[in-house]
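Okay, so here's the structure we're looking at.
The values are calculated or read from the model by the stated rules, or taken from the named source; none is laboratory data. None of the values given here were measured: they were computed from a predicted structure. Cβ: placed from backbone, ideal geometry, glycine included. Neighbour counts: every protein chain shown.
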Amino acid sequence: MEIPYYDKERPDTGLYNGKAGIWLFLASEVMLFGALFSAYVLLRVGAEPGTWSMGLMNQWVGAFNTLILIASSATIVMAWVCLKLNDWKGFRKWKWATVIFAFTFLVVKWSYEWPAKFTHYDVTFVTEESASKVYTDVLGPEFSETQSKIWQERFDPLKKDQEKSPLAQVKLKDKPLDGHIVGYIDSDGVEHEVGAAWGIPFWSHAFAWRHDRKNIEKEKDKSIRYGEDGRPVYKEGHFRDTFRDKDIKAIIFVPAHGTWDREEKHAGSGAIKYAEAKHDAGHAHSEGHGHTITIAREDISRLSSYEPAHSTFFATYYTLTGLHALHVLGGILVMLYHLLPVSRRVYEKNPVQFTNRIEITGLFWHFVDLVWIFLFPILYLL
Amino acid sequence: METTTQPEAEHGEHNDDHSHGHAEQSFFTKYIFSTDHKVIGIQYGVGALVFLLMGFILIMGMRWQMAKPDTPVPVLGPILEKVYAHEIALDGQGKTVPIFKDGKITASGYNQFGAMHGTIMVFLAIVPLGFAAFGNYVVPLQIGAPDMCFPRVNMASFWAFFAGCTVMTVSFFIPGGAAQAGWTSYSPLASVIPTDGQTYWLVGMVLLITSSLLGAVNFIATIIQLRAPGMTWFRMPFFVWAQFVTAFLLLLAFPPLEAAGIMQLMDRVCDTSFFLPSGVFASGTEPMNVSGGGSPLLWQHLFWFLGHPEVYVLILPAIGIVTEIISNNTRRPIWGYRLMVGSLLVLGFLSFIVWAHHMYLTGMSSKVATFFQTTTMIISIPSVILLTCLFMSLWRGSIRFNTPSMFALAFLPMFGIGGLTGLPLGFNFTDLHLHDSYYVIAHFHYVVAPGSIFALFAGIYYWFPKMTGRRMSEYWGKVHFWGSLIFMNIIFMPMFIQGFAGMSRRMSDGGATYSMINNPDVTSGALTDQVMSLNSLITMGAFGMGLVQIVFIVNFFWSIRNGEKTNSDNPWKATTLEWQTPTPPPHGNFLEQPKTYHGPYEYSNPDVDNGKGFLAQNDPHKSVSEEQKEAEA
């Protein structure tokens, strides 16, 4: 016996098997993303003032990605229509268009948006004195003014009344100074330059570090460790504790905002050229003012690039966009399979079955598109 | 129909003759990478039975530790000490030691066994056995389908399960050993625990969830799309209904756990703080090096959003099996079939809105607690209806007391005890006292051990003749049944008493720390000698239970080749379609497209005069009342 209804509709349900299957699968996917969206709501509602740093997103890049994903949803329908009209060439044309759109989406996400964030750092300070020293003495009052506008934009994007803003309660030392690390000074006072702005080497100096006296004194050891009381010590001696690995005494830092014009400086785009910054840094460093600053290790309470460990916002951002991007990748692989010669043979053998496959792929693709349409506002706009 | 019955011998060898429309298969495609739902069902079944045994061995080790804290485990201890020779458990003094140090189970080893016992029993044993194994084998047969809707997806589901099982098993042998944070993996503990077992656990869970997703889609699509002509919704056997609802629970409840698992994996691998609040201390005097801002409660919500429907995933296939067997062995229609189906659907829906009754002690507001208490009490109504219908079905039946029917009958009171003792846990004011005590253990084990597992044993004894053409030994089956029934109650009944006395469920010394023996100055609140002495009784029960299962294992394998031949495709004289095929069914199942004319339980219908006492679903013979109805129309 053959399995019935694999290519034609069952009269009483009006579905062929694949369509029933994909709708059930999508129901499950709705629950998966629904749970993550719920987690987003719960974490955001519970977030302390000055920790939900969503104002950093480049909305135009996000909007561009939204547009091409919507466009790809249209082209995949065209591919299906062509098959319905027995137009194989038209099908291939529209299918390729869909793949190219999807691929562009991933390129923007994975080679532009994510890596740029991995080289962008936040510094918070141990005491109010160390913070104000950096903000007013080194960077000057003009910078501080610009910086406070940026905090407002970043942590309170809905721009509530300045005085009622929850940001007013956050101490200066806990407000992050953002920018790029261009170098560090080791224990012998020797200055070192670090990696490119973006590209492969970003992991080499991406790290999250927190001021911790014990942490500073501990020797490098990557295995499980035990405290003096004999109990295991959790999460100490972390692999990304570059301070200890390289024996860093101070970092050389380029604040991303306030020192350059807005077009050039927005480091979230990864557009800063380090050679330039370094060149400027030379005299700035010796003069004591200018584009780069040196922040001593003792003054830093937490240093983190915009990686998942940075904050619950970025954790949510990477998890949601990452899971969505995996769905896009899966869709691309399936669509490429439909463009292989083997699919032509399936089509010739049973055109109805093949057309159904394209319809099902389309349903999945619309779902992926729909998820992004929810992700874009909650991560970039609201 | 008796027409498919062949005289004796070698149905097996002629299988290929029956498989119209299916190509010849090599050994690999037939038995290993098979797309045949029956082979996949058996693969699932064997895998699940292996893990059922493994989960049981883990708990026997724990029971020994509870009865005789810090004494070497007899026989097994020295052997396992050699197996676990490398240092993988923490001894509490900052050193890694073997799980079995000097043949004794370390506290960390006990935690691993506890976490993995729960995980293995729930996700690797009972769900695969009840849902995947029986579902795969029986559902397409019962609805008259040639296979599942998506055979290759079905195979993918099994291999994802296999991969998940492999990861879980391997995690015992990595440095630090398996997960130790309990089967619920509560954060922050599970997020910060320094060994890698928890990470393996999460990866394993993602694979198992993928497997269950693929399986659930397949089951629902199959039941919607592939019902044979005439197999209307209310002609489906109740077992199919139970699988249908179970599949929906898996489809919709598991993804939130997957989301939670992904987030915990991010916490562990990428150092995020989804479940870690600001300023959390794990050890020492400094807060952890994390951003904070997360919510430990988020994990509990997401976990129990799966966790509660999961309870019904464990029990609904069991109720389905019991319904089939009771109807068949009382030779009567099920009482209130439509009522049961309705209850099942209500139960499935309500199971999504009761989850927070696992979390009364998290400090939720009384309004929230009231909501969840109410829904919890409401959900007991359909459960009671199901059980009552099954009891009513026994009324005036002429019951055949064979092994499957005895297991199915024992299921009813055992599940009843489990269900009724759940009510005090559903009210937050009684739960305050009973939470996290042995009372909870006793309650849910009455539901899943003498409940689900008895039903699964019943199913194995019942469908074994369809799979092999031979029966399992009735004598040894009854030994297995009576032994299991007695020992189950010896194990779990005393736990109610221990729970009332306040014994916590998470102590590796069985509560000795809080006993009167070790605290002679404490006059009240310490565990009395009587309560403590129950530990030995329970452990003896557990080891007795183990002995009885050996009978089952031997019986099972012996009967595959040497069991009594059934000489019939329908040895139980059943009405449902799986018995109207050759034995064992060939690839493609039916020799011709079956048509369904009747409901699933047409036993002892006085209107019928076909001379058999039952009316198979595909028997075109009409009952007198059906003829009258047609004449009127």
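Points to keep in mind about this one:
- Exclusive hit being among the hydrophobic types (A, V, I, L, M, F, W, C) and under 24 Å from B:VAL341 (Cα atoms), set B:MET467, B:MET472, B:MET359, B:MET414: B:MET414
- Selected residue [more than 30 Å from B:LEU390 (Cα to Cα), more than 10 Å from chain A (Cβ to nearest Cβ), assigned to a helix (DSSP H, G or I) and in contact with a Gly (Cβ under 9 Å, 6 or more places away or on another chain)] from B:VAL206, B:VAL245: B:VAL206
- Criterion (out of contact with any Leu (no Cβ under 8 Å at 6 or more places or on another chain) and more than 30 Å from B:LEU297 (Cβ to Cβ)) met by exactly one of B:LEU129, B:LEU141, B:LEU76: B:LEU76
- Under the condition of being touching a helix residue (DSSP H, G or I) at 6+ places or on another chain (Cβ under 8 Å) and either surrounded by fewer than 21 Cβ atoms within 10 Å (Cβ to Cβ) or of a type in the set (Lys, Arg) (or both), the residues counted in region B:324-336 number 4.
- Near pairs, Cβ below 6 angstrom, 6+ apart or cross-chain, from region B:508-530 (among the aromatic types (Phe, Trp, Tyr)) to any residue that is assigned to a loop (DSSP other than H, G, I, E, B): B:TYR514/B:ALA526
- Here B:THR199 meets each of (1) within 10 Å of chain A (Cβ to nearest Cβ); (2) closer than 30 Å to B:ILE441 by Cβ; (3) of a type outside the set (Phe, Trp, Tyr); (4) touching a Lys or Arg at 6+ places or on another chain (Cβ under 8 Å) with one exception, condition (1).
- Residue match in region A:308-319 (condition: crowded, with 21+ Cβ neighbours inside 10 Å and outside any helix (DSSP H, G or I)): yes
- Residues that are under 22 Å from B:GLY588 (Cβ atoms), facing chain B (nearest Cβ under 9 Å) and surrounded by fewer than 16 Cβ atoms within 10 Å (Cβ to Cβ), drawn from region A:1-52: A:GLU2
- Some residue of region B:303-315 being facing chain A (nearest Cβ under 9 Å), outside any helix (DSSP H, G or I) and in contact with a Phe, Trp or Tyr (Cβ under 8 Å, 6 or more places away or on another chain): no
- Note on region B:364-444: enclosed helices (runs of 4 or more DSSP H) holding 1 or more residues that are out of contact with any Ser or Thr (no Cβ under 8 Å at 6 or more places or on another chain), small (Gly, Ala, Ser) and touching a residue at least 40 places away in the same chain (Cβ under 8 Å) are B:366-394, B:403-420.
- Single condition A:SER343 does not satisfy, out of (1) over 17 Å from the mean Cα position of the chain (by Cα); (2) modelled with pLDDT of 95 or more; (3) away from chain B (no Cβ under 14 Å): (2)
Every residue, every condition in (1) touching a strand residue (DSSP E or B) at 6+ places or on another chain (Cβ under 7 Å); (2) within 14 Å of another protein chain (Cβ to nearest Cβ); (3) under 30 Å from B:PHE254 (Cα atoms), yes or no:
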site: B:LEU80; (1), (2), (3): yes, no, no
site: B:VAL83; (1), (2), (3): no, no, no
site: B:LYS104; (1), (2), (3): no, no, no
site: B:GLY118; (1), (2), (3): no, no, yes
site: B:MET121; (1), (2), (3): no, no, yes
site: B:LEU124; (1), (2), (3): no, no, yes
site: B:PHE161; (1), (2), (3): no, no, yes
site: B:GLY164; (1), (2), (3): no, no, yes
site: B:PHE172; (1), (2), (3): no, no, yes
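- Within region B:306-318, residues that are without any contact (Cβ under 8 Å) to a residue 60 or more places away in the chain sit with their Cβ atoms under 6 Å from residues that are in a helix (DSSP H, G or I), at 6+ positions apart or across chains, in these pairs: B:LEU306/B:ALA253; B:LEU306/B:PHE254; B:LEU306/B:PRO256; B:LEU306/B:LEU257; B:HIS308/B:SER351; B:HIS308/B:TRP355.
- Qualifying position, being buried (at least 23 other Cβ atoms within 10 Å of the Cβ) and either free of Cβ contacts under 8 Å to residues at least 24 places away in the same chain or not β-branched (Val, Ile, Thr) (or both), among B:PRO582, B:PRO600: B:PRO600
- Sole residue being within 21 Å of A:ARG357 (Cα to Cα) and either touching a residue at least 60 places away in the same chain (Cβ under 8 Å) or β-branched (Val, Ile, Thr) (or both), chosen from A:PHE118, A:PHE143, A:PHE155, A:PHE103: A:PHE103
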